[in-house]
């Protein structure tokens, strides 16, 4: 179907591909992985025809339909969310809007002289629209938008009023509704909550076309793909299986290659000793020359590229009192919308509460009230004795000084720490080598998140309040953060859409009510997220497995 043959590509000194090849076959579901900057987005752009390789060929059948969801979203305004989603849904979307235009023209008295032409065009458009299933398009669009977290009020509202994250969801709906034969998806889960991620998993499984995607969500990748293509060091290597299989198989291949390298090095050393020992012996001259020529023909095995992982021994937090936080009949409303109504909760030392709830159920509002960022309308939030709190939200990124480098920011925050400790901390959060000299103003959202978490965990508080700490983090950093937090000897209250985080960290679950906050009473489950799924039969409120 789609073939990339012996491609090479570089930008200045940055080499992305060297004589690399890859093929995407009909109906295949492939996960694209590789370090940041390895060329994943460039590969997407070459398939979409937006870029060409410096060398080699990219072969895409002319009539093949390709849908491409990307991270940079174009400006959206002047339409409802529903119309914006329909507008981008390929031929059917174009017909939908042309049908509306023709209907307006038919009712325009100033165009009465053109009516025969307008009516003829209306008949043509209506026939093709009906043949392609157009009259089910609005209902299907609403279903997709509902799946991506939109309520009816938002669906019928102005798309221009949405935040960047919600516009991303509209852009995704447009691509999904187009029903392309090949779907390219660049980090589709970045702006989705867990309910929408689970819906998207089911949607992708139900569609017949090919899929090529990148994702920092291990669970989503495992459930959505059956082959992995890894870009690293200019090469593309494929693995038959999901992400967990890829990790295991990659480790096996590395071990085998290291063993083969060691055997070859031992053989080469033995041959070299023979050559050096008998180089001056006339009787052995023929043997020496034969072995020299044999060594020249041997293809040298190279050691596998090692991903550098820096470990950091995070310090133990001071001990808090038994009751860390108490919410006593806490209520909160935004205008007429009641988010929390007389919520009671006691968080005790050592508990790790994950907060579940649909969009609008008040997850972030709850964390803000506990953190003291937001006051309740009534009731009381009491923080216990000897509690030191660390609060992370996306707004926490604003505490960084954009004019400083990463190293300067850490030295400013921890003036009494040695440069070795500061650099080791930065390395543990994937800032190594020259990256520590990057200006904060140039960092991506994921890099800023890593830096804020690093600052929080050097001298950790004993109560962590974390609102979506994994947003924009790559898999390697997520794994490192999960491993670090699993050893955290304190109390946690957190919201996350990452099921590996939910499984690995929680020992308590708080499920909040519906969108109004009053449709269902909050439920506290005295077990982990794994227990919660087993007990309720769903992975998120209202979403069944």
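Computed from the coordinates by the stated procedures, all read-outs in this text should not be read as laboratory data. Quick caveat, the model's predicted, so the values are computed rather than measured. Every residue, glycine as well, gets a Cβ built from its backbone with ideal geometry; the counts of neighbours run over all protein chains shown.
Rounded to the nearest Å, what's the spacing between the alpha carbon centres of segment 1-35 and segment 438-501? Just the number, please.
Using only Cα atoms to place each centre, the spacing works out to 31 Å.
Nearest 5 is fine: what % of DSSP beta bridges in the chain come out antiparallel, could you say?
55
So how much slack lies between residue 397 and residue 106, counting 0.36 nm per residue of separation and subtracting their Cα-Cα distance, in nm?
99.4 nm
Return, ordered by residue number, the residues of segment 345-368 whose backbone nitrogen is under 19 Å from a label point located 7 Å along Cα→Cβ of residue 524.
Under cut-off, by backbone N: 345-357, 362-368.
Kindly provide the helix-only [θ] at 222 nm of the chain, computed as the sum of -39,500 (n - 2.57) over DSSP H runs of four or more divided by all residues, to the nearest 500 deg cm²/dmol?
The helix contribution divided over the chain gives -12000 deg cm²/dmol.
Quickly rank 344-356, 416-428, 286-298 as a protection proxy: mean count of other C-beta atoms within 10 Å, highest first.
344-356, 416-428, 286-298
On a full-extension model of 0.36 nm per residue, what is the gain between residue 151 and residue 286, subtracting their alpha-carbon distance, rounded to one decimal in nm?
40.2 nm
Stretch residue 277-residue 161 to full length: gain in nm at 0.36 nm per residue minus the Cα-Cα span?
That works out to 33.7 nm of additional length.
For the pair residue 404/residue 295, report the inter-label distance in nm, with labels modelled 7 Å from Cα in the Cβ direction.
According to this spin-label approximation, the distance is 5.5 nm.
Within 10 Å, count the other beta carbons around each residue, average over each peptide in 249-262, 15-28, and list them highest first.
15-28, 249-262
Taking every pair of alpha-carbon atoms in segment 331-402, what share in percent sits in each 10 Å bin, from 0 to the bin with the longest distance?
Per 10 Å bin, starting at zero, the Cα-Cα P(r) for segment 331-402 comes out as 15, 47, 30, 7, 0 percent.
For segment 323-544, rounded, prolate or oblate, judged on the Cα gyration tensor with a ≥ b ≥ c (square roots of eigenvalues), a/c < 1.5 rounded, else prolate if a/b > b/c?
Verdict is prolate for segment 323-544.
Please list the three semi-axes, largest first and in whole Å, of the ellipsoid equivalent to segment 236-319, using sqrt of 5 times the eigenvalues of its alpha carbon gyration tensor.
They are 44, 20, 8 Å, listed from largest to smallest.
Tell me the Kirkwood radius of segment 1-157: reciprocal of the mean inverse pair distance over distinct alpha-carbon atoms, in Å.
19.4
Fewest to most neighbouring Cβ within 10 Å: what's the order for 334, 525, 246?
Fewest-to-most ranking of 334, 525, 246: 334, 525, 246.
What's the exposure ranking of 300, 438, going from fewest to most Cβ atoms within 10 Å?
Neighbour counts put them in this order, fewest first: 300, 438.
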